[in-house]
Ligand SMILES: Cc1cc2nc3c(=O)[nH]c(=O)nc-3n(C[C@H](O)[C@H](O)[C@H](O)COP(=O)(O)OP(=O)(O)OC[C@H]3O[C@@H](n4cnc5c(N)ncnc54)[C@H](O)[C@@H]3O)c2cc1C
């Protein structure tokens, strides 16, 4: 077992930190206020090779493992969780192609994402369903070797600016997960309607839109997963992207902790720095301990993916744990700042708003706990002898 970063990873982490501090942090509040999409920052990330982190070297990408990607997104998220979400969204959009695409699709799309500044989004969710992926309604009708898509996708990150969207749709909603297929949709195709930005509580610099699909013809070469294979592809994708959500949450919580330490050492109450009070010290100790645990769980889930192991369980644990840590730490950060924490003048209120999303997107905290409890109740192997008779 080895908890050390390699020299290459340290260099990558430093590069990401410099990008976060020089390019992201100075404009984080501006984009939060305006809810504009930070296109120049995202383009700069592409130029700096910090977009498309997971695209393999065979297609011109950096070929980073998931631990490497987590190192990068923790840094960017520490400066602005919303921009981190938008920057990493190309990984979410392209991961189904990396995992399930054929060679021609990989050569065509992945190489294009590296050579040109293009955005690719990901769409399973719809206005009437998010958690229940197998319950999607968006229809895929087979027409010879092509498909025709009809339906509405909702909450699509970067959707308003995307060149491509990996869209999941069903040949028959009654078939549930067995009917789901996946497609590469060129957003310039006839029948694709990208909605207006939907205003949000936090992560306001990440663009979120609805996507309408009306008789959108998908050529044979853009069929990514045949019916029955799409659901598994979506789940495999989440297993590879949930650790990054854990890393986002760690970055967000880390900044809230750092601002808290700084404030606690400056603010005085009853004639002493508030950092001298044990109640405040306990809050900060809890922040540090929980962030450390969240980061280790995140690295474990990422490490398993990098080893080619099934990391479905560990990615759910990491995402659920780190999301709760970010929510708790940012809440406590506001508490340490007192009244000032509640003002928009200080950064902790933004981190508090931004952190809430981690408990919702890419599978809510409830859904992660369903994954975990399914394992614990059904497959976990007990070490101790059973009390009385063993269950069937
Ligand atoms: C800002 C933002 C960006 C997003 N980006 C994308 C994107 O790029 N692509 C995409 O496809 N989706 C995206 N999503 C959608 C996101 O993944 C869904 O919102 C999420 O999965 C929850 O789905 P829902 O909103 O439909 O809630 P629902 O599924 O309706 O759930 C509502 C509540 O019920 C709970 N619940 C549901 N089922 C159960 C159950 N079986 N047991 C216990 N509790 C349950 C949930 O945990 C939640 O608390 C985004 C969402 C947001 C807010």
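A short reminder: the numbers here are calculations on the coordinates, not readings from a lab. Note that the structure is predicted; figures quoted are calculated from it, not measured. Counting neighbours? That spans all protein chains shown, and the Cβs are built from the backbone with ideal geometry, glycine included.
If you take every DSSP beta bridge whose two residues both sit in the chain, what share of them, in percent to the nearest 5, is antiparallel? Write out the running numbers ahead of the final one.
On the way: 28 of 33 bridges.
Antiparallel bridges: around 85 percent, rounded to the nearest 5.
Between segment 82-129 and segment 325-350, how many Å separate their Cα centres? Spelled out, the Cα-based centre of one part sits 34 Å from the other.
Footprinting exposure proxy ranking of 208, 6, 345, fewest other C-beta atoms within 10 angstrom first, gives 345, 6, 208. For helix 81-100, what angle does its Cα long axis make with the longest principal axis of the chain, in degrees from 0 to 90 and rounded to 10? On a 0 to 90 degree scale, this one is about 40.
Here residue 221 and residue 57 are evaluated by their C-beta separation; at R0 = 25 Å the FRET efficiency comes out at 0.60.
Measuring between their Cα centroids, segment 26-79 and segment 234-309 lie 20 Å from each other. Globularity index of segment 65-119 is 1.24 (Cα radius of gyration / 2.2 N^0.38 Å, N = number of residues).
In nm, what is the difference between 0.36 nm times the number of residues separating residue 214 and residue 174 and their Cα-Cα distance?
Details: separation 40, 0.36 × 40 = 14.40 nm, distance 2.09 nm.
Roughly 12.3 nm would be gained on extension.
How much length is gained if the chain between residue 116 and residue 34 is pulled fully straight, taking 0.36 nm per residue apart and subtracting their Cα-Cα distance, in nm to one decimal? Walk me through the numbers before you get to the answer.
Working: separation 82, 0.36 × 82 = 29.52 nm, distance 2.72 nm.
Length difference between fully extended and current span is 26.8 nm.
Sorted largest first, the principal axis extents computed over the alpha-carbon atoms of segment 171-254 equal 45, 29, 26 Å.
Extension gain, residue 186 to residue 43: 0.36 nm times the residue separation minus the Cα-Cα distance gives 49.5 nm.
With 10 angstrom as the radius, rank 361, 380 by how many other C-beta atoms surround their C-beta, starting from the fewest. Mind dumping the intermediate values first?
On the way: 361 19, 380 12.
Arranged by neighbour count, lowest to highest, 361, 380 become 380, 361.
Enumerate the residues in segment 361-392 having an amide nitrogen under 12 Å from the point lying 7 Å beyond the Cα of residue 310 toward its Cβ. Residues passing the 12 Å test: 375, 379-380. Legend: calculated FRET efficiency, residue 8 to residue 370, from the Cβ-Cβ distance at R0 = 41 Å, rounded to 0.05, equals 0.65.
Calculated from DSSP H runs of 4 or more alone, at -39500 (n - 2.57) each and per residue, what is the 222 nm mean residue ellipticity of the chain, nearest 500? Spell out each step's value before the answer.
Working: 11 runs with 183 residues, N = 392.
After summing the helix terms and dividing by the residues of the chain, the value is -15500 deg cm²/dmol.
Given an 8 Å cut-off on Cα distances and at least 6 residues of separation, report the relative contact order of segment 100-240 as a percent. If you can, show how the numbers build up before the last one.
On the way: 312 pairs, mean separation 38.0, N = 141.
Taking the mean separation of contacting Cα pairs over the length of segment 100-240, I get 27 percent.
Each principal axis of the Cα atoms in segment 232-378 has its own extent, and those three values, largest first, are 59, 27, 26 angstrom.
Can you give the angle from 0 to 90° between the axis of helix 365-378 and the longest principal axis of the chain, with both taken from C-alpha atoms, to the nearest 10? Helix 365-378 and the main axis of the chain meet at about 80 degrees. Here segment 120-227 has an Rg and Dmax of 13.2, 44 Å, counting Cα atoms alone. In angstrom, the C-alpha Rg and Dmax of segment 225-280 are 21.5, 69. Per the Kirkwood formula applied to alpha carbons, the chain shows a radius of gyration over Rh ratio, Rg over Rh, of 1.00.
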